[in-house]
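What follows is calculated from the coordinates using simple rules that are stated; it is not laboratory data. Fair warning: this is a prediction, and the values are worked out from it, not measured in the lab. Cβ coordinates were reconstructed from backbone atoms using ideal geometry, including for glycine residues, and neighbour counts include every protein chain displayed.
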């Protein structure tokens with residue numbers, strides 16, 4: 001086993017299907033670690049605290065930021081979203097590869113702190129497909145939908161700063177997850193990540 005796991009960041013605009021794709025990827029690769037993000041937004045129907053997110057108050061989140069307990073964070077539609085540092089360090093410290101499913105702002109923060117992190121942006125096949133997905137949720141007002149669409153366009157402009165871009169076609173979740181699985185397997189076998197294995201031979 002590697003002494004340290006690889007940090008894989010998966011992000012994309014709201015409606016790109018991050019959660020659904022990551023769930024499918026985890027089923028394909030159950031060995032992957034999955035860090036649960038913290039947020040100040042209210043849980044949606046069916047979401048579970050500690051599974052989908054850690055749901056915390058705004059005061060508690062800001063205290064975590066001040067104490068350095070958040071690896072990355074962003075504000076979106078008035079709410080904080082972020083990754084607890086200790087949870088991420090625990091998983092990679094066990095030699096397990098870790099998936100971070102986070103917002104685009106957060107992905108940039110992680111890449112600055114961890115240059116060898118692997119960043120993957122999920123994008124929808126088109127803006128019209130994205131709009132249909134957002135409306136299909138039936139949970140947001142017209143104003144929020146328009147804000148999310150405008151934000152999505154700005155976020156996708158940052159795709160060239162990512163290591164990889166994967167299109168999540170409508171009905172193509174399994175194929176999208178398989179593409180990311182190939183990326184992870186290739187990245188995990190890069191020579192600099194295999195240094196501990198190589199040293200077992202060179203030090204004998």
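Points worth noting:
- Kirkwood hydrodynamic radius of region 133-178, from the reciprocal of the average inverse Cα-Cα distance over all distinct pairs: 12.6 Å.
- Region 1-40-region 82-149 distance, computed between alpha-carbon centres (Å): 9
- Seen against the Cα atoms of the chain and their longest principal axis, helix 173-188 is set at about 30 degrees.
- Full extension of the chain between residue 132 and residue 115 yields a length gain of 2.6 nm, computed as 0.36 nm times the residue separation minus the alpha carbon distance.
- 5 Å-binned pair-distance histogram of region 103-204 (Cα, whole percent): 2, 10, 16, 17, 18, 13, 9, 5, 4, 3, 2, 1, 0, 0
- Potential lengthening of the chain between residue 143 and residue 201 amounts to 14.8 nm, from the contour at 0.36 nm per residue minus the alpha-carbon distance.
- Normalised by residue number, the volume inside the convex hull of the Cα atoms of region 27-110 is 105 Å³ per residue.
- The coefficient of translational diffusion for the chain, derived via Stokes-Einstein from the alpha carbon Kirkwood radius under 4 °C and 1.567 mPa s, stands at 73 µm²/s.
- Between 0 and 90 degrees, the angle of helix 142-156 with respect to the longest Cα principal axis of the chain falls at about 30 degrees.
- For the peptides 62-69, 101-108, the ranking by mean Cβ contacts within 10 Å, running from highest to lowest, is 101-108, 62-69.
- Extension gain for residue 174 to residue 161 (0.36 nm times residue separation, less C-alpha to C-alpha distance): 2.2 nm.
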